[in-house]
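Worksheet: the structure to be examined is printed underneath.
The values are calculated or read from the model by the stated rules, or taken from the named source; none is laboratory data. Everything numeric in this text was worked out from a predicted model, so none of it was measured. Here the Cβ positions follow ideal geometry from the backbone for every residue, glycine too, while neighbour counts run over all protein chains shown. Keep in mind that these areas ignore ligands, DNA and RNA; they rest on the heavy atoms of the full protein, side chains included. Shrake-Rupley method; radii C 1.70, N 1.55, O 1.52, S 1.80 Å.
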Amino acid sequence: MTAKRRMLALVISSEDLLRLQAIARSRTEPASRVERARMLLAYRDDASFFAVGRALSVHHQTVQRCVERAIADGVMAALDDRPRPGKEPTITAEARAWLVDLACHKAKELGYPHELWTTALLASHAREHGRAAGHSCLAKLAQGTVCKILDRQAVKAHKVRYYLERRDPEFEQKMAEVLCVYREVAILKEAAAAQKAPDEPVAVVSYDEKPGIQAIATTAPDLPPKPGVYPSFARDYEYKRHGTLSLLAGIEVAPVV
């Protein structure tokens with residue numbers, strides 16, 4: 001007599017269902033998460049470990065473990081690996097904090113010729129100076145461990161991202177005034193266009209001073225394009241400086257006759 005097939009009631013909320021479907025289609029999620037999401041979706045449609053296993057080319061016990069964990073711990077928790085037992089970490093939390101704080105300062109501040117840290121330089125510095133700072137556990141620190149510690153804190157000490165500092169305390173007010181001018185011009189153009197014939201253009205003149213223009217000259221003649229060889233003009237990157245110029249204009253608007 002054959003045994004009755006064991007079925008587990010898996011309940012998936014509409015929110016979790018949408019998340020599972022997105023993960024199952026993802027090309028960037030880890031393969032293990034994608035596979036488990038597909039298992040749960042397939043089991044939701046057909047509650048059979050063997051059928052899901054055949055459809056996804058995995059063992060039926062793998063499907064069963066995934067479903068059992070989804071029921072016990074939650075659907076989304078079943079997508080990730082359980083924490084595995086291992087030896088106690090040799091690097092203390094204080095040592096990791098010291099290393100991250102070190103990475104948040106420039107290497108040149110500690111006398112290195114480098115402006116920024118590399119992970120190899122950071123590991124070397126920690127091995128050499130960690131004991132003096134009270135962190136003897138860093139005596140055998142590896143470069144890969146440095147990468148893992150910094151990744152957990154989302155610190156990338158070897159990269160530079162540019163930003164624009166607002167040095168003018170009245171920037172917000174000035175920006176609002178400029179935007180108001182643009183809006184006034186738009187209103188004037190709409191009003192003028194409404195009073196004129198459709199074929200009459202509406203002109204708006206905007207001008208500003210231009211100080212500090214660099215007067216530069218080339219050091220070699222430009223090379224013309226050559227079909228099949230050079231598609232555009234070529235210009236030597238070196239240039240001569242002839243100081244700076246300021247462009248000032250006086251504009252007098254003529255009355256409309």
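The set of residues in segment 52-85 that are open to solvent by less than 20 Å² (accessible area, probe 1.4 Å) and more than 35 Å from the chain's Cα centre (by Cα) comprises Val52, Gly53, Val63.
The residue of segment 243-255 that is nearest to the chain's Cα centre (by Cα), among those that are modelled with pLDDT under 85 and of a type in the set (Val, Ile, Thr), is Ile251. Scanning segment 71-81 for residues that are in a helix (DSSP H, G or I) and either more than 10 Å from Arg36 (Cα to Cα) or of a type in the set (S, T, N, Q) (or both) yields Ile71, Ala72, Asp73, Ala77.
Would you be able to say whether some residue in segment 158-167 is touching a residue at least 40 places away in the same chain (Cβ under 8 Å) and of a type in the set (A, V, I, L, M)? The answer is yes; a qualifying residue exists. Residues being under 30 Å from Glu15 (Cβ atoms) and free of Cβ contacts under 8 Å to residues at least 24 places away in the same chain are represented in segment 84-92 by at least one member. One residue stands out in segment 86-102 among those that are in a helix (DSSP H, G or I) and of a type in the set (D, E, K, R): the one that is surrounded by the fewest Cβ atoms within 10 Å (Cβ to Cβ), namely Asp101. Note on segment 204-233: among residues that are open to solvent by 70 Å² or more (accessible area, probe 1.4 Å) and acidic (Asp, Glu), the one that is nearest to Leu245 (Cα to Cα) is Glu209. Here His114 passes the criteria (1) of a type outside the set (A, V, I, L, M); (2) closer than 20 Å to His158 by Cβ; (3) surrounded by 12 or more Cβ atoms within 10 Å (Cβ to Cβ); (4) modelled with pLDDT of 90 or more except the one numbered (4). The criterion of being surrounded by 13 or more Cβ atoms within 10 Å (Cβ to Cβ), touching a residue at least 24 places away in the same chain (Cβ under 8 Å) and among the small types (Gly, Ala, Ser) does not hold for Ala123. Note on segment 24-51: residues that are open to solvent by 40 Å² or more (accessible area, probe 1.4 Å) and not in a helix (DSSP H, G or I) total 5.
Answer yes or no as to whether Lys240 is modelled with pLDDT of 85 or more, in contact with a strand residue (DSSP E or B) (Cβ under 8 Å, 6 or more places away or on another chain) and surrounded by fewer than 10 Cβ atoms within 10 Å (Cβ to Cβ).
Numbers: modelled with pLDDT of 85 or more: yes; in contact with a strand residue (DSSP E or B) (Cβ under 8 Å, 6 or more places away or on another chain): yes; surrounded by fewer than 10 Cβ atoms within 10 Å (Cβ to Cβ): yes.
The answer is yes for Lys240.
Restricting attention to segment 63-103, which residues are among the charged types (D, E, K, R) and within 30 Å of Thr118 (Cβ to Cβ)?
Lys87, Glu88, Glu94, Arg96, Asp101
Hey, among Cys147, Cys137, which residue is in contact with a Ser or Thr (Cβ under 6 Å, 6 or more places away or on another chain) and under 19 Å from His114 (Cα atoms)? I'd like the intermediate steps shown before the answer.
Details: Cys137 fails: under 19 Å from His114 (Cα atoms).
Going through Cys147, Cys137 in turn, just one is in contact with a Ser or Thr (Cβ under 6 Å, 6 or more places away or on another chain) and under 19 Å from His114 (Cα atoms): Cys147.
Residues are listed down the side, and each one gets a yes or a no for (1) under 28 Å from the mean Cα position of the chain (by Cα); (2) at negative phi; (3) open to solvent by 100 Å² or more (accessible area, probe 1.4 Å); (4) at pLDDT 80 or above:
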{"residue": "Arg131", "(1), (2), (3), (4)": "no, yes, yes, yes"}
{"residue": "Cys147", "(1), (2), (3), (4)": "yes, yes, no, yes"}
{"residue": "Gln173", "(1), (2), (3), (4)": "no, yes, yes, yes"}
{"residue": "Tyr182", "(1), (2), (3), (4)": "no, yes, yes, yes"}
{"residue": "Ala191", "(1), (2), (3), (4)": "no, yes, no, yes"}
{"residue": "Lys196", "(1), (2), (3), (4)": "no, yes, no, no"}
{"residue": "Val202", "(1), (2), (3), (4)": "no, yes, no, no"}
